[in-house]
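Below: one structure in structure tokens.
The values are calculated or read from the model by the stated rules, or taken from the named source; none is laboratory data. Keep in mind that this is a model prediction, so the values were computed, not measured. In this analysis, Cβ positions are derived from the backbone assuming ideal geometry, glycine residues included, and neighbour counts consider all displayed protein chains. Quick note on the areas: whole protein, heavy atoms, side chains included, nothing else; ligands and nucleic acids left out. Shrake-Rupley method; radii C 1.70, N 1.55, O 1.52, S 1.80 Å.
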Amino acid sequence: MIRIAQIFIWLILAMPTWASADFLRPELAFKFSASLVDANTAEVRYDIADGYYMYREQFKFSATDATLGTPMIPAGQVKYDETFAKDVEMYRDAVVIRIPVTASAPFNLSAISQGCSDAGLCYPPQESSVRLDPSKLAASSTALPKSSGRSGSSS
């Protein structure tokens, strides 16, 4: 009986540890969406959950059936990152990136990103893809990321 009581007490004391080990799935921690804001500009947005952040230098974009210009990535907060042993730029809350695009027909836009939790979990790079149609500028789309170990290509 004493052993059962000890196990019960241990379980109660361990619950906060279990709760802190619960991390959001990447598609919830870093919600991806993209749309065309005009005939020549795509806008990629990540809504970042509380307690999470994303790295600026990890953003990479590519497209099929379109040509991308240099992404306009805003400046982020600078912090020293022990994982990379250097200062890095990062984002919290949200980041909006505009990308010049030349396309005359629907095209696929792919984005690679990476983020971490303040609790110490860094996710592998995530790839998100969306199909955008210049003839439907009012349409926007949301896609779920899929894990990717590749670094992608930047245009």
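Can you tell me which residue within region 93-113, out of those that are farther than 12 Å from Leu68 by Cα and not hydrophobic (A, V, I, L, M, F, W, C), is farthest from the chain's Cα centre (by Cα)?
If we take residues in region 93-113 being farther than 12 Å from Leu68 by Cα and not hydrophobic (A, V, I, L, M, F, W, C), then Ser104 is farthest from the chain's Cα centre (by Cα).
Which residues, taken from region 46-82, are crowded, with 18+ Cβ neighbours inside 10 Å and either of a type in the set (Phe, Trp, Tyr) or out of contact with any Asp or Glu (no Cβ under 8 Å at 6 or more places or on another chain) (or both)?
Going residue by residue through region 46-82, those that are crowded, with 18+ Cβ neighbours inside 10 Å are 46, 48, 52-56, 59-61, 63, 66, 68, 73.
Across region 46-82, the qualifying residues are Tyr46, Tyr52, Tyr53, Met54, Tyr55, Phe59, Lys60, Phe61, Ala63, Ala66, Leu68, Ile73.
Tally up the residues in region 59-92 that are hydroxyl-bearing (Ser, Thr, Tyr) and under 16 Å from the mean Cα position of the chain (by Cα), please. Full working, then the answer.
Residues of region 59-92 hydroxyl-bearing (Ser, Thr, Tyr): 62, 64, 67, 70, 80, 83, 91.
Those still in the list that are under 16 Å from the mean Cα position of the chain (by Cα) too: 62, 91.
Going through region 59-92 one residue at a time, the tally reaches 2.
Quick one: what pairs do we get from region 66-80, first residue closer than 16 Å to Ser104 by Cβ, second in a loop (DSSP other than H, G, I, E, B) and aliphatic (A, V, I, L, M), C-beta under 6 Å, 6+ apart or different chains?
Ala66/Ala103
Quick one: which strands (runs of 3 or more DSSP E) lie wholly within region 83-137 and hold at least 1 residues that are open to solvent by 70 Å² or more (accessible area, probe 1.4 Å) and among the polar types (S, T, N, Q)?
Values: elements: 86-91, 94-102, 107-113, 115-117, 126-132.
The qualifying strands (runs of 3 or more DSSP E) are 94-102.
Restricting to region 28-45, name every residue that is open to solvent by less than 40 Å² (accessible area, probe 1.4 Å) and either farther than 23 Å from Ala105 by Cβ or among the aromatic types (Phe, Trp, Tyr) (or both).
Residues satisfying the conditions are Ala29, Phe30, Phe32.
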